[in-house]
Amino acid sequence: MLAVCALSMFLVGLDTTIVNVGLPVIGRGLGADTRSLEWVVDAYTIILAGLLIASGALADRFGRRRVFRCGLVVFGVASVVCALAPSLGFLVAARAVQGVGASMLSPVALAIVVNAMPDPRERARAIGVWASVFGLSMAAGPVTGGALVEAFGWRSVFWINVPVIAAALVLVAVFVPESRGERARRVDLPGQVLLTLALGVSVGLLIEGPRMGWASAPALAGYAVAAAATAAFVRVELRREEPLMDLGLFRRRGFAAAVLGAVAVFVALNVTLLLTTLYLQQGRGWTPLAAGLATLPMAVGATLCAPWSGRLVGRVGPRRPLLVAGAFMAAGGLCLVGLAEDTSVLLLLAAYLLIGIGFGFANAPLTDTAVGGLPKARAGVAGAVTSAARQVGAAVGIALAGGLVAGAAGPGAIAAASRPGWGLVAGCGVVLLAVARASRGGAGAKAGEGRS
């Protein structure tokens, strides 16, 4: 059962990053520019972020296995439509539907695992496996995508989902029992609509702002809509007995810092992936496979350090792993702030390794900081909000990186345009160092918090 749920999580994470390396090829195939291609990634991440919490509530009410299977079917059908898409608009719409399916997999898979394993030690190991698989999928996406695009074309990055989904549906029917929440939560439809609207408009402004002008009439209207939707969301959530998002959690310094840290980590990851893809393929003429393989040090660093970080959090608390994560991520970004068209490949690989190590060390302590000291009833919501924050970070990272290089033409121009992005990656590392100060200091503090 853990393998089935981990497999679904691998798909969710993989489809967040696997498309990145194929964007230049997709653009040539569908006649789209860089700015339009950003929607191929962000249509998926915006919908995934907006629906994560509501999907968890639906699973508690109607049955986790039922919603999980529904998510697999939606994800699989949308993958087929993506693979057959005749135009960019069609592809973007299908990616949004993929995000709907993915939202039914991510929180529900974790709930299934936690419900089926009553032993705390076994459950902790299972959650560690789940988190490691998700981190691995995010980092391995470019390598996998590069190999598929090189061998079979860009449509293969969507076709590959179909046999995996089919196998998962069979395994779910055989091994995963049905379960529901102890108390079914109502679905907060007004809050859901307002949250998705605020996210979509905000990210859309980041993507389209450079094209239409930051002070143009459409941009000003977008600012007004985003601000009004955000204000209305806060007002609605504060008045509901069962809100979509428990805003009271943000009064806890540790939780608010963890959410900020989750956004920062995924901004850094997605800025790195998109800038690398465009710089290596469009700037230096590398193939998709070569560009994907260049990120292999990042995948290795994340894969090796994620379980190590989890063990450190258990022994000494989240602060030290967060300090390590922030330092490595900042160092990786600083390595490339002077990027040029002939920058040494060894320096590129070293920077990707440092960023991968930072990413690997970050996820476990951020989750621990978010849910640490909370009662079980609120820990689930806190975890869901943190997961949504990661996807928001992914969407913002893609929008920012794409905006930097959208108008660049030629190797030197792309390298120069991407330099602020590497400064942003370094800045995200500094944010993690600040988050570490808001986290609990160590195992002793952790125990004391539990006693209190």
Kindly indicate whether Leu249 is open to solvent by less than 60 Å² (accessible area, probe 1.4 Å), part of a helix (DSSP H, G or I), closer than 30 Å to Ala57 by Cβ and not β-branched (Val, Ile, Thr). yes
In the stretch 1-37, the residues that are open to solvent by 20 Å² or more (accessible area, probe 1.4 Å), part of a helix (DSSP H, G or I) and at pLDDT below 85: Leu2, Ala3, Leu7, Phe10, Thr34, Arg35, Ser36
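Determine, yes or no, whether Phe90 is closer than 27 Å to Ser156 by Cα and touching a residue at least 40 places away in the same chain (Cβ under 8 Å). Spell out the reasoning first.
Details: closer than 27 Å to Ser156 by Cα: yes; touching a residue at least 40 places away in the same chain (Cβ under 8 Å): no.
So Phe90 does not fit the description; no.
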Matching entry among Leu336, Leu353, Leu347, Leu366 (being in contact with a Cys (Cβ under 7 Å, 6 or more places away or on another chain) and of a type in the set (A, V, I, L, M, F, W, C)): Leu347
Select, from Ala151, Ala168, Ala217, the only residue that is aliphatic (A, V, I, L, M), open to solvent by 70 Å² or more (accessible area, probe 1.4 Å) and either within 23 Å of the chain's Cα centre (by Cα) or modelled with pLDDT of 85 or more (or both). Ala217
Single condition Ala331 does not satisfy, out of (1) under 17 Å from Gly421 (Cα atoms); (2) small (Gly, Ala, Ser); (3) open to solvent by less than 20 Å² (accessible area, probe 1.4 Å): (3)
For Gly204, indicate whether it is modelled with pLDDT of 85 or more and either closer than 23 Å to Asn270 by Cα or not in a helix (DSSP H, G or I) (or both). yes
Look at Gly261 and say whether it is buried (at least 22 other Cβ atoms within 10 Å of the Cβ), in contact (Cβ under 8 Å) with a residue 40 or more places away in the chain, over 24 Å from Leu400 (Cα atoms) and not aromatic (Phe, Trp, Tyr). no
Given the conditions (1) open to solvent by 10 Å² or more (accessible area, probe 1.4 Å); (2) at pLDDT 85 or above, which single one is not true for Ser79? (1)
Could you tell me whether the stretch 232-242 includes any residue that is free of Cβ contacts under 8 Å to residues at least 12 places away in the same chain, touching a Leu at 6+ places or on another chain (Cβ under 9 Å) and among the aliphatic types (A, V, I, L, M)? yes
With Ile47, Ile53 as the choices, which residue is at pLDDT 85 or above, surrounded by 24 or more Cβ atoms within 10 Å (Cβ to Cβ) and among the hydrophobic types (A, V, I, L, M, F, W, C)? Ile47
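The values are calculated or read from the model by the stated rules, or taken from the named source; none is laboratory data. Source: prediction; values computed, not measured. Cβ sites come from the backbone with ideal geometry, for glycine too, and all protein chains shown count toward neighbours. Please note that ligands, DNA and RNA were not included when accessible areas were found on the heavy atoms of the full protein model with its side chains. Shrake-Rupley method; radii C 1.70, N 1.55, O 1.52, S 1.80 Å.
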